[in-house]
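Visitor: Supplied in structure tokens, the structure appears directly below.
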Amino acid sequence: MSRADRTILTAAGSIDRRSFLQLAGLTAGASALGAGLAGGAAAAEPFRIGWVRPTTGRLVTSFNPLYMGGVMAVEEINAAGGILGRQIERVEEDDEALPSKEPGIVRKLRGAGIHYVVGPTGSSQSLSSIAATTAAKMIQATYAAAAEAGDGKRYPYHYQLLFNTDQQAEICVDYMLKNQGLKKIGVLQENTAFGEQATASTVKYLKKAGVEPASVQVYPINAPDLAAYVSNLQKAGVDGVIAWIANIPNAAMIFNTMKSLNWFPPVTGHSGLFLPSLFELVSPEAVKNVYGTYYKSFTWNATEQPGERQVAFAKKLAEIPGAKNNEVNIAASPYYDFVYLLKHAIEQTKSFEVADIKKALDSTKDFPGLLGKVSFTPENHSGIALADITLASVSSGVDKRAMGCMRERAPGL
Amino acid sequence: MAASVAKSRGLAGLLVQAALVVIVLALPLALDPYGYPLFVATQLGVYVIAAIGLNLLAGYAGQVSLGHGAFIAIGAYATALLTVDQGWSFWLAALAGVALSALMGVLMALPSFRLSTWYFAFITLAFAQVFEKMIVEWRGLTKGFAGVVGVQPPSVFGHVLEPAGVYWLVAIIAIIGFWLVNNLVRSRFGRGFVAVRDAPAAAQAAGASPARLKLLAFVIAACFAGVAGAFFAVQKTVVTPDDFTAEFSIFFLLTVVLGGLGTRWGPVVGALVFFLVPELLTGLESWRMMVYGAALLALMLFAPHGLVGAARSLFDRLRPKQAGQTTQPAETVQPQGAHVERPAISGLSLEVKDLRKSFGGVVALGGVDLSVAPGTCAAIVGPNGSGKTTLLNVVGAYYRRDAGAVLLGGRETKGLSPQQIAGEGLGRTFQTPRLLGELTVLDNVLLGAFRRERASLPGTMLRLPGAMAEAERLRAEAMELLAFVGVADRADDLASETPHGHQRLVEIARALMGGARLIMLDEPAAGLSMTELDRLEQLIRRILALGATVVIVEHHLDLVASIASHVTVLDRGVVLASGAPQAVFADAAVMAAYMGERALNEQASDQLSDEAAGEVARPRPVPAKGA
Amino acid sequence: MDIDILARGLVAGSLYALVAVSFNILYRPTNVFNFAQGELVMLGAMVFASLATVLGWPWYAALIVTLLGVGLLTLLIDVVAVAPVLARSQHGTGWVITTLAASLIIANGVNRIWGPDPIVVRPPAPLTTDTFSLAGMTVSAYQIFLVLLTVILVLAIEQVYRTRQGKAVLAVAEDREAALLRGVNPLRLSRWSFFLGGAFAGLTGVLAAPVLYASTGLGPALLLKGFAAAAVGSIGNNRGALIAGYLIGVTEALGAALLSPGYQEAVVFLLVLCVLLVWPHGLFGRPFARTV
Amino acid sequence: MTMASNAGQAGDLLLSVEDVDVGYGHVGVLEGVTLSVRRGSIAALVGRNGAGKSTLLRAISGLLTPSRGQIVFNGRAISRDKPHAIVGAGLLHVAEGRRLFRSQSVDDNLELGVYGLKMDAAGYQRRLARVFELFPVLEEKRRLPAGALSGGQQQMLAIGQAMMREPVLLMLDEPSLGLSPLLVDQVFAAIMALQQAGTTILLVEQLVERALEIASEAWVLQNGRMIASGPAAQIAASEELRAAYMAAH
């Protein structure tokens, strides 16, 4: 997609409305069918879910696609008759992707009598939001990779349906040390809660393997130029970089700097690096050695192919114009699975009460999610298993087999 | 009649204010205590607290700070980190935050002593930006971008405050803060702030140190910001660097400007409009900032005094004009003030020896000697550019002398600041009157008493009885002095709307109010009408009669001849002649200096020579200057 | 410490010097310091990037349109936000607020149009940003070009002030009223200076884009560093701005290398503060004692 | 040399100020002031400091706008014109204190004298030569910044700058200020030379005696009102002049 197209998407609101219309059209038939089945429940009050995402501010473009999977799930469920006959209604709140906005938004949702929340996105934003929802006993799934967010004792009402920083760090460290046989590992980290936790995990696993990081560079996400950080890594003699970068502009600056320095060490990082918009800012050769953590079910290698359900999901995404070029982010988002898991728990308990739902969620075992098998215990709210996670190559995004959201696993995985 | 109108208006104002307080405090009863509106109301209260402080700093003291957000950040971070990480109680943590913020206020004040307004504005903007960067960079302390999460509300007597309790706390602090600052701006400190902003030289002449007043304004503003920051942390429960961007700081200044810089209600109105309107207009979203920008631009162009200023001028326009309010020629009202009794003044002597001053190679004073006995009137005359005003400025320490001695009452003044010299009993007026146009005539006279007033800062802010009694006493004395100089009827007029002739008299009253024992008058007669001139002469005679010493720089030679006992003629920075007026004016060289070499001296001496008495001192020949 | 710091410092310093010169152009006839200047530089970068990279225009056409566009917008700022305030009071500081407001409008307007994502701008051929080693420094052809061009541009701007109109601008700067009495119309010169200063800011944005990316976040940092260069080099003094720009760029690079890149702003801030506290009129200002 | 725009006959009214009020903000300075200058003459405006002389000149040159009355120059009302337009009409005001551009060279200052005029290089050189003829010292120092000149040289430069424009009417405010007697003589000689070359001059001068010697007509301002006018010699001996300088009543 050209930049001009994306510019249109940037205009707040337009992206959703248009893609919703598409979704609605797609599922219109099913909807009529569902309504018929639900019968008298048509008059039932809608089931309202708080929907926290930025519609203004710096991160609108990066964050909005992450919610499309969730929107798809809502539309699918509503078309099929809703949950126990109640239609799901999304109550939108704009957090501008600012952590400081979250407590106010939770107050707003709480005031509106809402007990279930999707979002926010970003570890800093999420941890800020979770602190408030925990106190208010609201069930929530955020897009927070920080391992802390999956701590069921600390945040008993928050459920993490994505790989966390511990898991990602373990995969990355393993790859660098065992698969690549490297010893001088550098860490490049954005200065966010995600970056902090990911680096802490990385250092932890490196030390476990008896390796000290050769250099740790922390950059502010709003810095106009990141060359200094990259050259610091190079000067430290690093031969592999574990990079915790969650946004494309930063990634572009980093990879372009590497290119201008003619330095191409293996880089592993977060799935956010898969966004095709990176290719608009960086030439493909600059990212040939770059890998991101990803869900096994969405990857292929010489012997294995992606899962059937995932392929079907990819085909569906191809029908939605707004999804184009954001397929990876839509796929890797926890919101699709969360909405379905919520439906599952409600239907299991036949209740919309928070206490009942929490009990059901806490005993989830091998729920078949799009991203992997999801399991929770009252203590462990990090639902994805290590076995479902892998590393995939960024440059395979231009491969035909990618279908938008598929990627080729890193060599040797 | 006018007084009763004012009183009833004051009463109405009081009622309105009381009603507002009741409404503000009753808000939680009407709103869902856990709901969003109360959340917004609490936040608004926090902003109002910060804006009140900034208004004092930027509005009254004239220090345009674009770094106010940094002070709020200090309060917020200190509170958040000390409560969350260290387990301190909110109250202790908030106190530490306010103290740190005040400390930073002291540091921020330092550049303001040296830099001009907008240079300083830029430095503060840079500071705000750097401060935000440092919050991010010092992530070991501040947790970087992630911020501090989970700030708990304060507890009172072991009772954790619910949202409504936090609201009440914030509201009460905002109301008290409003009251305190109002008391402050109506005190000598407030007059001092305005003087620092509008006429620093007048502040110094009144014995007020601009540097100290700026420092005070900074510290008070920083304390308010620190308090606001503490509640910011509590109210949001999360503190992140994103909250304290340079933009946030700019918004605070814009808030105060929008409301009306240097007006009492400006910060309240500004914060309400700036932060509440977007909550009401959610549809505005990303247009918000552009709309703000455009509104601000329009406001600066069409209503430079903000919303409050615009409302006031609209009110003034709608109100029927009261008779006698407009500026009328000074002649029409003529209280002579001769009947007013004043206590005697023990005049100071002035001794100037070989005083030298040059500006970038141009000699303004080339070794001037002058001696004025206590209780006498000495005049300094000379053509334009001869160094008369420079002499006054060097004596008053507004300029640093290059060499020479200045003895005031026998004491060398070297090293003293202008305000210290004012405190020694040196009063002065300026060639163009330096009055504070936005204050009343009475307030302008009261400014003179800045150094005499003893009431402490807490005393004035809290309106303690001692401070109030002193203020009342000084007010009465200022009225008396206005009567003495003959403009008592103008006491409540704005100085800017007072005729020129009266402004000169007000300046003299201000100097007397400061307890001046030696008054330097710089061309007091310039621009006066005949009758005003007459009154000026009478006034100077009465001041002399009280015992004060007067040094007058003047071109009206006959005024000089009639009141001065000693005349010094300056020409190109040196004393051309000095002695009794009759003798000096009879001197041919003097007339030459005034009217050209082959001057009209025949005529002048014709008239004066009959009475000529005393020797004319001729210190040294005039050095030929030039190519 | 390595010599690369020098290269990085000179490149950044060139940009700061250019911003400072664009400040000076506006400042000379008006004594106004445009707080929107940083956003004008940003706008220049964004317009050029959109035309050259996104729409694929030839670079010279994109350059001309950018300079004209930013210049005209700056002229508009003068007409709408600065001249009316100055007409009310020549010495007031109302323009601090109005130019800040203009800055807000531009920054948010640009954000609405382009969004927050950066655009890569490649330098015109044959220049590239690929680095090579030169005397132990890692530099690119574009970086060398940028540093040289900056010096040339500053000297060229100084030549503008050797023309009669340029001398008139200096005259207005020195004594507005005296200039009036010589038949100079300061309003007209202000307009021209705003246009020229705006175009120069746009040019700075164009030149900065290949080094920094064109992004809507460029403004504030360039505003403050440009101010720092102008203030340290004495406001109004273009050669001073050039030297101060390099001084600040190198100081910043040193701070980044010796402490941490996160400290570079703080290091620059301290440098500027110290210089201004000792020399309030900058390093190259004439001590100008005006007697009142 | 005569000026193209100086079309009228010597002796008719070139400048007339008619019943003008001028003030700064609330403060009125001039009240009902009237003054006229005949073409080709030297008129002196005298009065004590603060009488309003400079204010009157500022009003004539457009720096201040009269609140009442009108000012006619060369047959055209200029009371509402902008300063640069008034300069363009040939009325030049050399303000008190020289007001040169001190950081610019003597040459640049002289060049600014012709700002806004269209002329070829030869014409420019001719005018420059004329200034250097009258003030040779300026040619010696033409590369120096004006601020480096002595007070007298600066005054010469200020007059020279005005000559470059070949004005119809030249208003000089205190040209002798701060100069030694020798230099004052030179400056007065220059003023007379200018007048002989056809320039009309309105002179404000503290050296009343000297001013009245070279002026043909004089006007006496006191406290913002014109209290006397007439042939200079007559004014020099008048009671009003003495009153204006010596008396307050």
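Visitor: When you look at the Cβ of every residue in C:254-262, what mean number of other chain Cβ atoms sits within 10 Å? Please report the intermediate quantities before stating the final value.
Guide: Values: counts 0, 0, 6, 4, 0, 1, 7, 13, 14.
Average per residue, whole number: 5.
Visitor: Check B:GLY262: other-chain or 5+ apart residues with amide H under 5 Å from its amide H, H built from backbone geometry?
Guide: Close amide H contacts, sequence-distant or interchain: B:GLY59, B:TYR60.
Visitor: Between D:MET119 and B:GLN431, what is the label-point separation in nm under the 7 Å Cα-to-beta-carbon projection?
Guide: The modelled label-to-label distance comes out at 3.5 nm.
Visitor: Please express the Cα-Cα pair-distance distribution P(r) of the protein assembly as shown as a list of whole percents, one per 20 Å bin, running from 0 to the bin with the greatest distance.
Guide: Going out from 0 Å in 20 Å bins, the protein assembly as shown shows 8, 30, 32, 19, 10, 2, 0 percent.
Visitor: While we're on this one: Give or take rounding to whole Å, what are the principal axis extents of the alpha carbon atoms in segment B:34-245, in descending order?
Guide: 53, 37, 28
Visitor: Also, I was wondering about something else. If you take the accessible area of A alone plus B alone and subtract the pair, what total do you get in square angstrom, rounded to 100, with a 1.4 Å probe?
Guide: Roughly 2100 Å².
Visitor: Which loop-located trypsin sites (Lys or Arg not before Pro) does segment D:86-125 contain, where loop means any DSSP state but H, G, I, E or B and the Cβ has at most 11 other Cβ atoms within 10 Å?
Guide: Counting only loop positions with at most 11 other Cβ atoms within 10 Å, the trypsin sites (Lys or Arg not before Pro) in segment D:86-125 are D:LYS118.
Visitor: Ok, one more. Excluding ligands, DNA and RNA, what is the accessible area buried between chains B and C, summed over both sides, using a 1.4 Å probe, to the nearest 100 Å²?
Guide: It comes to approximately 3900 Å² buried between B and C.
Visitor: For segment C:1-127, take the alpha-carbon Rg, divide it by the Kirkwood Rh, and send me Rg/Rh.
Guide: On the way: Rg = 16.9 Å, Rh = 16.3 Å.
Over the Cα atoms of segment C:1-127, Rg/Rh equals 1.03.
Visitor: A follow-up question, please. A:ALA112 to B:GLU279: FRET efficiency via 1/(1 + (r/R0)^6), r the Cβ-Cβ distance, R0 25 Å, to the nearest 0.05?
Guide: 0.95
Visitor: Solvent-accessible area of B:SER562, probe 1.4 Å, all protein chains present, reported in Å² to the nearest ten, please.
Guide: Near enough 50 Å² of accessible area.
Visitor: Would you kindly state the longest site-free stretch of chain B, with sites defined as GluC sites (Glu not before Pro) in a DSSP loop (not H, G, I, E, B) surrounded by at most 11 other Cβ atoms within 10 Å?
Guide: B:1-340
Visitor: What average number of partner chain Cβ atoms lie no more than 10 Å from the Cβ of the residues making up C:182-190?
Guide: For this peptide, the per-residue mean of nearby foreign Cβ atoms is 6.
Visitor: Taking every residue in D:115-121, how many Cβ atoms of other protein chains lie within 10 Å of its Cβ, on average? If you can, show how the numbers build up before the last one.
Guide: Values: counts 10, 7, 2, 0, 0, 0, 0.
Neighbouring Cβ atoms belonging to other protein chains average 3 per residue here.
Visitor: For helix C:37-49, report the angle its Cα long axis makes with the longest principal axis of the Cα atoms of chain C; keep it between 0 and 90° and round to the nearest 10°.
Guide: Computed tilt is about 50 degrees.
Visitor: In the calculated pair distance distribution of segment A:219-352, what percentage of Cα-Cα distances lie above 20 Å?
Guide: 56 percent
Visitor: Another question, then. Where in chain C is the longest stretch that carries no trypsin sites (Lys or Arg not before Pro) classed as loop by DSSP and with at most 13 other Cβ atoms within 10 Å?
Guide: On the way: sites that count: C:ARG162, C:ARG290.
My reading of the result: C:1-161 is the longest stretch.
Visitor: Another question about this same structure. Heavy atoms only, probe 1.4 angstrom, no DNA, RNA or ligands counted: give me C:ILE243, A:ILE248 ranked by accessible area, highest first.
Guide: In descending accessible area the options line up as C:ILE243, A:ILE248.
Visitor: Something else now. Report in % the part of the accessible area of segment B:34-245 that belongs to carbon and sulfur, leaving out ligands and nucleic acids; probe 1.4 Å.
Guide: Ligands and nucleic acids excluded, carbon and sulfur reach 68 percent.
Visitor: Taking trypsin sites (Lys or Arg not before Pro) as candidate sites, keep only those in a DSSP loop with at most 13 other Cβ atoms within 10 Å, then name the longest stretch of chain B containing none of them.
Guide: Result for the longest clean stretch: B:1-320.
Visitor: Would you mind pulling out the separation of the Cα centroids of segment B:285-306 and segment B:117-187, in Å?
Guide: Using only Cα atoms to place each centre, the spacing works out to 25 Å.
Visitor: Also, quick follow-up: Of all GluC sites (Glu not before Pro) in segment A:328-409, which ones are in loop regions per DSSP and have a Cβ with at most 16 other Cβ atoms within 10 Å?
Guide: A:GLU353, A:GLU379
Visitor: Diagonalise the Cα gyration tensor of chain A and give the resulting equivalent ellipsoid semi-axes, square root of 5 times each eigenvalue, largest first, whole Å. Before the final figure, lay out each step's value.
Guide: Details: eigenvalues 248, 103, 82 Å².
So the three semi-axes of chain A are 35, 23, 20 Å.
Visitor: Express in whole angstrom the spacing between the alpha-carbon centres of segment C:196-237 and segment C:136-166.
Guide: 14 Å
Visitor: What are the ³J(HN,Hα) couplings of segment A:323-339, residue after residue, when phi is run through the Karplus curve with 6.51, -1.76, 1.60 and θ = phi - 60°? Round to Hz, x for glycine and proline.
Guide: 7, 4, 6, 10, 3, 4, 5, 5, 5, 7, 6, x, 6, 4, 5, 5, 4
Visitor: Can you list the chymotrypsin sites (Phe, Trp or Tyr not before Pro) in segment C:211-292 that are in a DSSP coil and have 12 or fewer other beta carbons within 10 angstrom?
Guide: Passing both the DSSP loop test and the Cβ count: C:PHE288.
Visitor: Using only Cα atoms, find the angle between the long axis of helix B:2-30 and the longest principal axis of chain B, and express it within 0 to 90 degrees, rounded to the nearest 10.
Guide: Around 20 degrees separate the two axes.
Visitor: Mean 1/r over all different Cα pairs, inverted: what Kirkwood radius does segment C:197-262 give, in Å?
Guide: Taking the inverse mean of 1/r over all distinct Cα pairs, segment C:197-262 comes out at 12.9 Å.
Visitor: If you don't mind, another one. Near the amide H of D:TYR24, under 5 Å away, which other amide H atoms are found, from residues 5 or more places off or on another chain, if H is placed in the peptide plane?
Guide: D:VAL29
Visitor: May I ask you to give the solvent-accessible area per residue for segment B:34-245, in square angstrom, as obtained with a 1.4 angstrom probe?
Guide: 29 Å²
Visitor: Over segment B:368-505, with the other protein chains present, what is the accessible area per residue in square angstrom, probe 1.4 angstrom? Could the numbers behind the result be given before it?
Guide: Values: 5110 Å² over 138 residues.
Normalised by residue count, the accessible surface of segment B:368-505 is 37 Å².
Visitor: Could you calculate the FRET efficiency of B:LEU301 with B:ALA26 from 1/(1 + (r/R0)^6), where r is the beta carbon distance between them and R0 is 30 Å, rounded to 0.05?
Guide: 0.15
Visitor: Take every DSSP beta bridge whose two residues both sit in the protein assembly as shown, then give the antiparallel share in percent to the nearest 5.
Guide: So the antiparallel bridges amount to about 50 percent of the total.
Visitor: Quick check on chain B: what does the Kirkwood estimate of hydrodynamic radius come out to from the alpha carbon pairs, in Å? Walk me through the intermediate numbers first.
Guide: Numbers: mean 1/r = 0.0366 Å⁻¹.
Over chain B, the inverse of the mean reciprocal pair distance is 27.3 Å.
Visitor: I want to check the label-to-label distance for A:ALA44 and B:ARG356. Put each point 7 Å from Cα in the C-beta direction and report it in nm to one decimal.
Guide: 10.1 nm
Visitor: Starting from the Cα coordinates of segment D:96-166, work out the convex hull volume and express it per residue in Å³.
Guide: For segment D:96-166, the hull spanned by Cα atoms encloses 81 Å³ per residue.
Visitor: Then there is this: To the nearest 10 degrees, how steep is helix B:68-84 against the longest Cα principal axis of chain B, on a 0 to 90 scale?
Guide: 40 degrees
Visitor: Another question, then. Write down the percent of antiparallel bridges among all DSSP beta bridges whose residues are both part of segment A:184-314, to the nearest 5.
Guide: Approximately 0 percent, going by the DSSP bridge assignments.
Visitor: At the nearest 100 Å², what buried accessible area, both sides summed, do you get for B and D when the probe is 1.4 Å? Could you put the intermediate results ahead of the total?
Guide: Details: alone 28460 and 11650 Å², together 37370 Å².
Between B and D, the summed buried area is about 2700 Å².
Visitor: Next question, about the same structure. Hey, rough spin-label estimate for A:VAL354 and C:ALA87, points 7 angstrom out along Cα→Cβ, what's it come to in nanometres?
Guide: So the label points at A:VAL354 and C:ALA87 sit 6.1 nm apart.
Visitor: Apply 1/(1 + (r/R0)^6) to the Cβ-Cβ distance of B:ARG319 and B:LEU14, taking R0 = 25 Å, and write down the FRET efficiency to the nearest 0.05.
Guide: 0.80
The values are calculated or read from the model by the stated rules, or taken from the named source; none is laboratory data. In this text the structure is predicted, and so the values were computed from the model without any measurement. For neighbour counting, all protein chains shown are included, and Cβ atoms are generated from backbone atoms with ideal geometry for every residue, glycine included. We work out accessible area using only protein heavy atoms, side chains counted, and drop any ligands, DNA or RNA first. Shrake-Rupley method; radii C 1.70, N 1.55, O 1.52, S 1.80 Å.
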